[in-house]
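Each remark here refers to the structure printed beneath this line.
The values are calculated or read from the model by the stated rules, or taken from the named source; none is laboratory data. Everything quoted here is computed from the prediction, not taken from an experiment. Cβ placement follows ideal geometry from the backbone for every residue including glycine, while neighbour counts extend to all protein chains displayed. The protein model used for the area step is the full one, side chains on, heavy atoms only, and it has no ligands, DNA or RNA in it. Shrake-Rupley method; radii C 1.70, N 1.55, O 1.52, S 1.80 Å.
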Amino acid sequence: MELLKRILYILLYPGLIYCVIGGLILAGIDRKLLARMQKRIGPPILQPFYDFFKLLGKETIVPRNAAKKAFLAAPVIGLISLITVSLFIPVFKFSPFSTYADLIVVIYLLTIPAVALIVGGSASGSPYAGVGISREMVAIISYELPMVVSLLAIAKKVGLALNNGVMTFSLSQIVEYQAQNGPLFTKLSIIPAFIAMLLVIPCKVGSLPFDIAEAEIEICEGPLVEYSGAPLAIFKLNHAIKMLVMTSLFVTLFLSGAGTGILAIDAVIQFILMLVVMFFSITLLKAITARLRVEQTLKFYWTYPTALAILSLILVYFGL
Amino acid sequence: MSNKNIKVKDYIIKSAADFFTPIGLVLGLYIILHGHLSPGGGFQGGVIVASAVVLIYLGYGFEVSTKTFKPNVLKKSEAIGALMYTFFALLGIFYAANFCRNVFFNVGNPGDLFSSGTIFLMNAAVGYKVLTGVGFLILLMFGLLANKEE
Amino acid sequence: MTQHLPILSIITLFIGAFIVALIKEKNEILRNTIVLIATFLSFIFTVMMYKPIISEGNILTYWMGNWEPIKDWAIGIGLEVDQLSLFFGLFISLSIVLSALYSFRYIERETGKDKYYVLFLMMSASVMGFIFTGDLFNMYVMIEIMTFASVALTAFRNDRPEAVEAGFKYIAIGSIGSSLILLATVIIYAQFHTLNLAQLAGELYNNYTVTTIFALALMIAGYAVKVFAVPTHFVAPDAYMVAPSSISMLFSGIVNKAAVYGILRIIYVVYQSMNLPSMQFLLIFWGTVTMFIGVTMALAQHDFKRLLAFHSISQIGYVITGIGLTTALGITGGLYHALNHTLFKGLLFLCAGAVFYATGTTDLDKLGGLAKRMPQTALIFLIGAFSISGIPPFNGFVSKWIIYQASYEAGYAPVTIIALIVSVMTLASFIKVAQSAFFGQLPKEFKNVEEVPLSMRIPMWIMAILCILGGIIPSTVTKYLITPAADAVMNSAKYVEVMMGREFASKFYNNLGNAPIIDYKLAGYWQPIAWLILFGILLLAFTLVAVLGGFNPKKFSYADVEDAKYDVFYSGESAEFSHVGGSDLFWGLKYQFRHYFDFMHKIHSGLVNDYALSVVLTAAVILLYVFTFVR
Amino acid sequence: MKFPYLKEAVKSLFSKPSTENFPKEVKEAPEGYRGKIAFYPEKCVNCGMCIRVCAPGAITRTIEKVEDGDKITFQFYMGQCTFCQLCQDFCARKAIELTKDYLMIAEDEEDLMVRGTFIKKAPPKPPVPPAKPATTATNSAENKKEEVKSE
Amino acid sequence: MLLMNYITCIILIVLGLYTIVSKKNLMKIVIGMGLLDYGINLLLRSIGFKAGGTAPIFTINELDKSSFFVDPVPQALTLTSIVIGACVTALALALVVMINKHYGTLDTDKVRRLKG
Amino acid sequence: MFEKLIQKGLEKSAWLYHLNTGSCNGCDIELVSVITPRYDAERFGFKIAGSPRHADIIVVSGPITSQSRDRLIRTLAQVPDPKVVVSLGSCPRSCNVFNGSYCVEGPLDKYTPIDVAIAGCPPKPEAIMAGLVRAVEILKEKRRAMK
């Protein structure tokens, strides 16, 4: 029975089906909202589904220069690691597998899709992809610093309260702390980290001001330039699920709380909060900014968000 | 060594080499063999013996010294010397003691030449290894110089 | 038999070296057989020590020539193998076997093979001797033989000017390092009139005088030169780059590790100085600087092996940081990373060697697209690259994460942050290698490149599998290898007690220490099997959907024929060779840090005087630091 | 860091979109739009002016002899037209008109053709023996050249 | 008397290091390495010396901290150290010869193909 | 079921790849105006893709100049099946005023069959959208034929 429940979790709620459907709906809402902000009607909310199924029906071409196996395996590896991450992120207090993974495992698993994108692009053998993967890598280097520092701040903050000062990266402990003391973003010391994380999400997801890697106008979508058909569909799916996972991680880290204890209601609340986060960090930013250059991205992330995150870390050490 | 065809640069050096080579050889061998009795031992003796190579080179030039001491033989001999040493050292293990243990040490009276078991043999092995090794080294270096002169 | 194992595992290699010297150069089969037998026997002897030492917790001591201590005074030369030594010995002897196996084909086109194998075996034997010895002067002798053989092997391809140059630089810098170690040894001997490590440990316990501190500073500086910590690292990339790959692997896998072992032995067991915060700070700071500078320099390289060499420096920085943290977790992380570094760096060097064997060059600007011609090598390379970048589920992830956790728990938050950034930069530079060597377009001159022979692939595969295993079952590895070694590091009293006997240690120590208990309860890396199973289930589900759901696999098209459809997209231009090489892959990053990179390039001047000066200055700074802060 | 469009984006999020609902309500083209050509064959006198002024040569004329005159077919190929309106302007009899119909989508070439056929009654036959050779204006450029020469 | 030894060996070591750091000739660097070695060897010899001590030929029963003879261990160590020093010098010289063959110079400023 | 979904997807989301083969840029501007808020082709799922590998509909504008001919052929070959070629404006259909120029290599249908032609010089954005909607029908038919 327990096993069956586990498999159900894996395949159904925080797992495969939820990720695919939730991610695609999230992406659809994102596109719709963006369109509305640009005074357009915009595509239907189910548009990402259509894109996905259309791409599944298309021919898959493997270019002659490509390393075939890496080229085809990369998207699948990325997708699966994303879904695995999704299983580890608690929905308020409900966490089917969270004890097996903590924050750093989640963060590391979240780099796998980026690495998969890089390896896939690299394997396609196109110079556009070469430029794209270099940009993707610089983006990773950019956002990793503020993200890590803000996570360390959270770990210390939670550890000070629950573990006698020994830091914790356990997601369930972070949720527990928030259940006891209210959401983390209400704490004075965490607010800079909150903002920094909010700024990290668009780059992690690869949305507009920081989508330097997949700039379709400049470099023909960078690493994806040679992909077609089903692998491309999976990459697009990855993109959507990354949005879902990042926002839900963000909600768990900063906006989580006691919850109602009923899974269905919690899930809906979580999803609404995710939508709010997505609106502010992805959609709004996408609507009002233009694409940055690669070294501008690096400069941006290593100045403002890093400064905010370090401020947060210092405040935590002062016990605020 | 008394080959008349060899061109000798300087007869003084040649005569000196002729004179000192046997002395060096004997002294070196003495030091090797009495390593367990008096200060000295395989290494020091070996180096003194190897100085004969230098003397011959100085007196007769590179060709004669390579003819006298064949580099290949020297090289192989060095390995043989090392193997001999390890063999004598391993004897300790065969005789149910530790590595490098001196076995047969109760043969002969203390102070005699043949008195200290395998230490004597080890000394000889080291001496052999060093004299060949250093000799080879010296020949090699002279060889580099000789090639350069050409 | 058991008591003779330490000496046997050393002497086998020496005997092998001497026998190989006797064999004619052309007789390859006999020579290879002897090399293989010697290395393998040594490995077997080392493994046989596992049961008495790690399983049963004993410590083997071995007095050469039965010269046992008299009246608590060690007069003979002793070997002592405790858990720490054996831990190092195990993976070192393994990598020796693998390197030997790899060498047979790799080196076949060179001349002077007999010399190669003699030096190879001498180096291996000296490392084993260094690890197992219990005598301070023996450590010096062994590390000097090691340096000597390393230099000769560095200059092995002496028809290349670079090789000779690197050899000279290595011996000049290395001899300064050895001299520092020797000087320290001399000073310690002058103070205590003994060279036995255990006896020294007893004498030095809480006994800091000016002389001993002076010796300590020199010791640290000397081993830092051998470990290639940062201001003394300049020769490492040169030497690693020009040496044959099987030797580069041993440089980073065993020579470096031997020096790490030396540092551990000196500061933890002989001096027991790691309870001083100033010593911890020194090592942590040093390790952090080392890892950062190593990785940033690696980003700027365009030669495969030179890049790997800089990474080697960087990863050693992790190890030093780990062992500098002093907590049980930190030491565990450091030792685990040392093990992992041997595996994945050896793997990567072997990959570089395979590339060199197949194409004749390691210049990343000339390579490209080799994954099509050498698929297995490419796969192995990717495993190694992901391991070193700390991507789950490979072994680098586990050890790096232990180090992060340990450093953050110890209150060194900046160290944690830098370590993470370094990890990302490591990934970046390996992406660069992957892109410019294995993926992308295949240059015309490499059209007929073939996969390397089986005997070269076997060692690579063994290491790759070990890399994966180390990531999947970290709890097992830790339980059966790392924790005993960490125990041995933390409880030096036991070492002293067994070596000197007759309750020698209890004169100095109050208690003989207990095994540290580490709480892994909240660490997610600890059960990677759990999420790997998830990974597997998802993969299965996904495949099922893909197979059953009409993914139309029929319409999957791939061809190797000249058809425009399968060309790479060049905005419609006809296919031409336009490969994005390694040099210009990260211009965005390099542009932002151009002042830093300019400065670093100026520092790595290639001038042997500068390198020597930096070593001398390092020694001076450490002397100053130690005299100011260590009391 | 400035975000000049922040206000506008939020404002337009809550206002009506400015998108036209195209396929449901097809807007009429503005005044003066030059769209698909309409040809009124009953007005045409076969003067050939339109063929002469057409730059891309989209207008072709075929003349067939029938019993009581010539059966003349004007053919306007929309796939070649630049919609410059010169033919309309030059047509003295207003037989050509550019309508506001802009939805010219075709899967087939034929759908883009606008044709008009009329029979020009032959004038009462004068006794002039050599009749002009039947000019099938397939290539207007050639025609022009000839005429330039003749002028 | 012994102080003189110590001063000399310190001078030798410092001179050796100075030579390695400042001299631009490869041969001189090798000489510097030699100087460094000799300094340490001298130190090693000096610490075992006891004024008026006898030669260290004894039986095992006489071994004591208060025995009055020259410490034999440093002598053995010095010997080993000399052997190693000789080997290192030999190897370094061989490399210098090779460098001279490849580069045609002994100037360190010109022997810097590996850098950056 | 899957086939149905794919058909639906093809209907609702067709990505364009715009290929300028020597056009005067009139048509290109009109094509861009299709994705502006006023016309907003995205509500039908049309999107301009960056690479021919992602595209379903190739929109060709301009007569085929000798410079662009090889590039056209190569790019068309690189589009995965099913694909639809749409000629935008008069030029690809018949070379328009450029007909007979020394550097024009004839109309598009010399090299590939044109599935949908949108006439106009340039066509109005509405016309382009109508043409694309027609192209989607053909796309679905082609997918059916592929099976």
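Dipole of the protein assembly as shown computed with +1 at Lys/Arg Cβ and -1 at Asp/Glu Cβ about the Cα centre; of C:Phe91, C:Ile465, C:Gln435, farthest Cα towards the positive end is C:Gln435.
Sorted by packing (mean other beta-carbon atoms within 10 Å per residue), highest first, where do A:17-30, F:54-67, C:124-137, A:118-131 land? Don't skip to the end; give the middle numbers.
Values: A:17-30: 20.7, F:54-67: 23.9, C:124-137: 27.4, A:118-131: 29.2.
Put in order of decreasing packing, that is A:118-131, C:124-137, F:54-67, A:17-30.
Counting, for every residue in A:305-314, the Cβ atoms of other protein chains within 10 Å of its Cβ and taking the mean gives 1.
Think of each Lys and Arg Cβ as +1 and each Asp and Glu Cβ as -1; about the Cα centre, that makes the dipole of segment B:11-150 roughly 220 debye.
Can you say what percent of the DSSP beta bridges in the protein assembly as shown, counting only those with both residues inside, are antiparallel? Round to 5. Mind dumping the intermediate values first?
Details: 34 of 53 bridges.
Here the antiparallel bridges make up roughly 65 percent for the protein assembly as shown.
Panel note: contact residues of segment C:65-110 (accessible area lowered by at least 40 Å² against the chain on its own; 1.4 Å probe) correspond to C:Gly65, C:Asn66, C:Trp73.
What is the angle, in °, between the Cα long axis of helix A:2-11 and the longest principal axis of the Cα atoms in chain A? Nearest 10 is fine, range 0 to 90. So the inclination is approximately 50 degrees.
Write down the accessible area per residue of chain F in Å², having rolled a 1.4 Å probe over the full set of protein chains.
Details: 5110 Å² over 147 residues.
For chain F, the per-residue accessible area is 35 Å².
Could you tell me which residue out of E:Ala90, B:Ala52, A:Asn181 lies farthest along the dipole of the protein assembly as shown toward its positive end? Charges go on the beta carbon: Lys and Arg +1, Asp and Glu -1, centred on the Cα centre. Toward the positive end, the furthest listed residue is A:Asn181.
Across the residues of A:106-118, average count of Cβ atoms on other protein chains within 10 Å? Walk me through the numbers on the way to the answer.
Values: counts 2, 1, 12, 7, 0, 7, 5, 0, 1, 8, 0, 0, 6.
Mean shielding by partner chains, rounded to a whole number: 4.
Along the axis of the charge dipole computed for chain C (Cβ charges of +1 for Lys and Arg, -1 for Asp and Glu, origin at the Cα centre), the listed residues C:Tyr566, C:Val319, C:Leu623 are led at the positive end by C:Tyr566. About its Cα centre, the protein assembly as shown has a charge dipole of approximately 1620 debye under the convention of +1 per Lys or Arg Cβ and -1 per Asp or Glu Cβ, with nothing else charged.
Explain nothing, just the number: relative contact order of segment A:21-164, from Cα pairs under 8 Å at least 6 residues apart, as a whole percent.
Details: 110 pairs, mean separation 26.9, N = 144.
Contact order relative to length: 19 percent.
Candidate cross-link partners of D:Lys71 among the lysines, defined by an alpha-carbon separation under 18 Å and a same-chain spacing of 8 or more, comprise D:Lys43, D:Lys120, D:Lys121, D:Lys125, D:Lys132.
The alpha carbon gyration tensor of chain C gives principal lengths a ≥ b ≥ c with a/c of 1.5 or higher and a/b greater than b/c, which makes the shape prolate.
Highest average first, the peptides C:437-443, C:622-628, C:352-358, D:63-69 ordered by how many other beta carbon atoms sit within 10 Å of their residues are C:437-443, C:352-358, C:622-628, D:63-69.
If you place +1 on the Cβ of every Lys and Arg and -1 on the Cβ of every Asp and Glu, how big does the dipole about the Cα centre of segment F:2-146 come out, in debye to the nearest 20? Each step should come with its number before you reach the end.
Values: 19 positive and 15 negative charges, 63 e Å.
The calculation lands at about 300 debye.
When C and E come together, around 4100 square angstrom of accessible surface is lost from both chains combined, probe 1.4 Å.
Probe radius 1.4 Å, ligands and nucleic acids left out: can you give me the accessible area buried at the F-D interface, summed over both chains, in Å² to the nearest hundred? Each step should come with its number before you reach the end.
Numbers: alone 7940 and 11810 Å², together 17490 Å².
So the buried area, both faces added, is about 2300 Å².
When a/c is below 1.5 the answer is rounded, else prolate if a/b is larger than b/c, else oblate, so apply that to segment B:11-149 with a ≥ b ≥ c taken from the square roots of the Cα gyration tensor eigenvalues. Intermediate results must be reported in sequence, preceding the final value.
Numbers: a/c = 4.13, a/b = 1.87, b/c = 2.21.
Taking the square roots of the gyration eigenvalues as a ≥ b ≥ c, segment B:11-149 is oblate.
Taking the C-alpha atoms only, the angle from helix A:47-56 to the longest principal axis of chain A is near 50 degrees.
Taking chain A as the reference, fit the longest principal axis to its C-alpha atoms, fit the long axis of helix A:263-278 to the helix C-alpha atoms, and give the angle between the two in degrees, 0 to 90, nearest 10. Result, in degrees: 70.
In Å², and per residue, what accessible area does segment B:11-149 have when probed at 1.4 Å with the other protein chains present? Write down the numbers at each step before the final one.
On the way: 7050 Å² over 139 residues.
It amounts to 51 Å² per residue over segment B:11-149.
Separation of the alpha carbons by more than 20 angstrom is noted, of C:Lys372/C:Lys447; C:Lys366/C:Lys444; C:Lys51/C:Lys494; C:Lys432/C:Lys565, for C:Lys432/C:Lys565.
Amide H contacts of D:Ile37: D:Thr99, each under 5 Å away and 5 or more positions distant or on a separate chain (H built 1.01 Å from N in the peptide plane; Pro and chain starts excluded).
Lys and Arg at +1, Asp and Glu at -1: add these up for the other residues within a Cβ distance under 14 Å of C:Ile59 and post the number. Walk me through the numbers before you get to the answer.
Numbers: positive: C:Lys51, C:Arg265, C:Lys494; negative: C:Glu56, C:Glu80, C:Asp82, C:Asp487, C:Glu497.
That sum, taken over residues with Cβ under 14 Å, equals -2.
Interface residues of segment C:428-452, defined as those losing at least 40 Å² of solvent-accessible heavy-atom surface relative to the isolated chain (probe radius 1.4 Å), are listed as C:Ile431, C:Gln435, C:Phe439, C:Gly440.
With solvent modelled as a 1.4 Å probe, how much accessible area in total do chains C and B shield from it at their shared surface, in Å² to the nearest 100? If you can, show how the numbers build up before the last one.
Numbers: alone 25580 and 9420 Å², together 33550 Å².
Looking at C and B, the buried total is near 1500 Å².
Helices from chain F with mean Kyte-Doolittle at least 0.0 and a Cα length along the axis of 24 Å or more, per DSSP H: which? Span-like helices here: F:125-146. The share of accessible area on segment D:37-122 that comes from carbon and sulfur is 49 percent, using a 1.4 angstrom probe.
Near the amide H of E:Phe69, within less than 5 Å, lie the amide hydrogens of E:Thr54, all on another chain or at least 5 residues away, with H placed in the peptide plane. Is the C-alpha gyration tensor of segment A:174-320 telling us rounded, prolate or oblate? Criteria: a/c under 1.5 is rounded; beyond that, a/b larger than b/c is prolate, otherwise oblate. Note, shape of segment A:174-320 comes out oblate. A simple packing score, the average count of other Cβ atoms within 10 Å per residue, orders the peptides A:50-56, C:221-227, D:19-25 as C:221-227, A:50-56, D:19-25, with the highest score first.
Mean per-residue shielding of peptide D:70-82 is 4, counting Cβ atoms of other chains within 10 Å of each Cβ. Counting only protein heavy atoms and a probe of 1.4 Å, the accessible surface of segment C:221-288 is 80% carbon and sulfur.
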